Amino acid sequence: MNLILLGPPGAGKGTQAVRIVEKYNIPHISTGDIFRENIKKGTELGKKAQEYMNKGELVPDDLVVEIACSRLLEEDCKEGFLLDGFPRTVYQAEKLDEFLAAHGRKVEHVLDIAVEKEELITRLTGRLVCRACGASYHKVNMPPKTEGVCDTCGGELYQRADDTKETVENRIEVYEAQTKPLVDFYEKAGVIAHIDGATGLDNVFADIVKVLG
Ligand code: AP5
Ligand code: MG
Ligand code: ZN
């Protein structure tokens with residue numbers, strides 16, 4: 001099962017990914033998470049990525065393609081994978097296709113999660129993320145039981161550096177300009193399914209399961 005989660009910042013890609021990987025037993029590969037991990041560790045890659053991420057701009061294509069493809073070569077991706085936040089440009093999508101074709105594989109489903117702009121801004125500016133397990137919460141709509149503490153693992157909750165109103169608005173613009181063309185790209189490939197991302201966590205997941213079977 002070779003899957004891609006497509007959708008604007010805040011559509012719920014990370015949230016649904018947790019459920020999808022649990023049900024279908026495939027690894028969750030988020031290029032954003034890989035970069036944040038590298039920023040935390042202070043690696044060269046992290047230093048390069050950080051300047052783009054903090055502005056809400058895309059990290060340069062070649063850097064991202066290399067990171068994603070080398071991750072896909074790992075053993076746990078043999079039976080399938082769930083890509084979250086990659087590809088994000090037509091160039092990245094073409095490189096991914098080339099890479100998969102060279103290994104006798106292809107993209108099987110692209111889940112395009114749609115949510116309107118105002119809702120995306122509300123979700124992201126209120127989002128809290130667990131430093132330990134990555135679970136996400138919302139200050140108003142999905143608050144943790146104890147302020148600042150993760151319900152599931154007790155980890156510390158923080159706000160992502162790129163979740164300020166200004167950066168969120170830029171990320172949405174960057175999505176519209178550079179990532180949205182992928183909808184057409186995968187439409188032509190006949191692998192895209194459109195999911196309404198504003199119907200509540202369980203309904204969104206149920207719609208995804210309908211597509212994947
Ligand atoms: P990345 O980490 O991929 O961030 P993003 O695409 O901006 O998306 P988010 O993670 O913010 O949103 P999400 O869709 O995962 O939503 P979530 O489930 O958390 O990328 C960050 C940066 O890294 C980029 O800006 C770029 O610089 C760089 N980068 C990464 N990949 C790259 C690439 N391929 N090329 C170049 N650069 C790259 O949900 C959001 C909130 O909504 C949460 O609070 C959640 O609780 C809530 N929520 C979720 N679902 C629902 C629902 N159904 N109803 C109500 N609330 C909900
Ligand atoms: Mg995410
Ligand atoms: Zn946690």
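Taking a Cβ cut-off of under 14 Å around E118, the surrounding Lys, Arg, Asp and Glu residues balance to a net charge of 0, with basic ones at +1 and acidic ones at -1. Taking a quarter of the surface of the Cα convex hull of region 69-202 gives a mean projected area of 9.7 nm².
Beyond 24 Å in Cα-Cα separation lie the following of the pairs K55/K180; K165/K210; K13/K188: K165/K210.
Under a 10 Å cutoff between Cα atoms, tell me which one of G32, G42, G148 has the largest fluctuation in the Gaussian network model of the chain. For the chain, modelled as a Gaussian network with Cα springs under 10 Å, the answer is G42. Result for the chain in a Gaussian network model with C-alpha springs under 10 Å: among E187, E98, E75, the largest mean-square fluctuation is at E75. By DSSP, the beta bridges lying fully in the chain are antiparallel in about 35 percent of cases. Stokes-Einstein diffusion of region 53-143 at 20 °C, 1.002 mPa s viscosity, Kirkwood radius from Cα pairs, rounded to a whole number: 136 µm²/s.
Modelled label positions at E116 and V183, each set 7 Å beyond Cα in the direction of Cβ, lie 1.5 nm from each other.
Laboratory data are not the source of any read-out in this text; all were calculated from the coordinates shown. Computed from a predicted structure; not experimentally measured. Methodologically, a virtual Cβ is constructed for each residue, glycine included, from the backbone with ideal geometry; neighbour enumeration extends over all protein chains shown.
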